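Below: the structure, in structure tokens.
What follows draws every value from the coordinates through simple rules; no lab data is involved. Keep in mind it's a predicted model, so treat the numbers as computed, not measured. For neighbour counting, all protein chains shown are included, and Cβ atoms are generated from backbone atoms with ideal geometry for every residue, glycine included.
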Amino acid sequence: MNHTGVRQHRRAVVPVGQFEVASVVDMGRLELPGHHVFPDFAAEAVEEQAHWLVPRYIDPASRKLLMAFQGFLVRTPRHTILVDSCIGNHKERPNRLFWHQRTDSPFLDNLARLGIAPEQIDFVLCTHLHADHVGWNTRLENGRWVPTFPKARYVFARREYETWERAYREDPAEPHTYGSFADSVLPVMEAGRAVLVEQDHQIEDGIWLEPAPGHTPGTVTINIASGAARAICSGDVLHHPIQCTRPDWSSRFCDDPDQSRRTRAALLDRIAETDVRLFAAHFVAPQGGHIVRAGDRFRFRP
């Protein structure tokens, strides 16, 4: 599998009213076979939509999906917020070799390029608790996992946390979410840095969570509103732009594929042909775009 880290610059900052949103890349490009991600994948769907999917979102030679792993920095006049913390370094992920024991993540360097040090983060918002969304919650220090963002409040949806905590307590030997609950979530809770909230919790005026079940029971999206400007960080409601034209395709990693389809279709329908900017965790650069209608389907326009 071909994968690269991406080191980014300030040009990635997107204004949303008085707020700013910027991608913070951990892995900028990973090529994956379509069937690896979507059980219902069909090559003909790629060819039908090749005019806008290739070469930006589909590799022109291999026809593999191009995906990224990134979080989003949201800056408001009051707070500096990180949405999802990606893969991390030094994490034991033997079932995901392209994440396993990484030591070369550009994530913190990319955060620094945006002018932010870890101690400047006020909130870490996790859309859900899968391994590729919580990895930089912690870093290895003297053989222990400690919070990477020492002054931040880590905000977890209560339903999401309790789902994984229950599974972990019932079988601690099982590597839940590839082991990330033990090394990237529990240490934050034990350090007293975590806050459990309801799925519609408001962080401040213009920043709030919204339930988006299906991928996991407690998945949330992050809404951003400043004046007339609107944006949404969609987490894993969408994994790849091909789902705009095939919203019925849920990923192999969705806990409830049917609910995931309903959540995705509702989101696309709600924001299509509006000024709402979509920031999707796994869409490759450029980041931020709009959903437009294409007949009875949708398309992502960066």
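Only Lys, Arg, Asp and Glu carry charge here, each on its Cβ (+1 for the first two, -1 for the last two); on that basis region 204-302 has a dipole of about 420 debye about its Cα centre.
3J(HN,Hα) along region 174-188: 6, x, 4, 6, 6, x, 6, 4, 6, 9, 10, 10, 4, x, 5 Hz, from the Karplus curve 6.51 cos²θ - 1.76 cosθ + 1.60 with θ = phi - 60°, whole Hz, x for Gly and Pro. Remark on His290: its backbone amide H falls under 5 Å from those of Leu278, Arg301, a criterion applied only to residues 5 or more positions apart or on other chains, H modelled at 1.01 Å from N. Seen from all directions on average, the chain presents a Cα convex hull projection of 14.5 nm². Ordering Cys86, Cys126 from the fewest to the most neighbouring beta carbons within 10 Å gives Cys86, Cys126.
Ordering Pro33, His51, Ala68 by the projection of their Cα atoms onto the charge dipole of region 23-77, which places +1 on the Cβ of Lys and Arg and -1 on the Cβ of Asp and Glu, puts Ala68 at the extreme positive end.
Between amide H atoms placed 1.01 Å from N, distances below 5 Å from Phe298 occur with Thr245, all of them 5 or more places distant or on a separate chain.
What residues of region 30-47 lie in the reach of a label at Arg252, counting those whose backbone N is under 17 Å from a point 7 Å from the Cα along Cα→Cβ? Answer for region 30-47: 30-43.
Using +1 at the Cβ of each Lys and Arg and -1 at the Cβ of each Asp and Glu in the chain, identify which of Ala131, Gly17, Ser250 lies farthest towards the dipole's positive end. Going by the Cα projections, it comes out as Gly17. Only Lys, Arg, Asp and Glu carry charge here, each on its Cβ (+1 for the first two, -1 for the last two); on that basis region 3-301 has a dipole of about 840 debye about its Cα centre.
Scanning residues 5 or more positions from Ile87 or on other chains, those with amide H under 5 Å from its amide H are Gly135, Trp136, with H placed 1.01 Å from N in the peptide plane.
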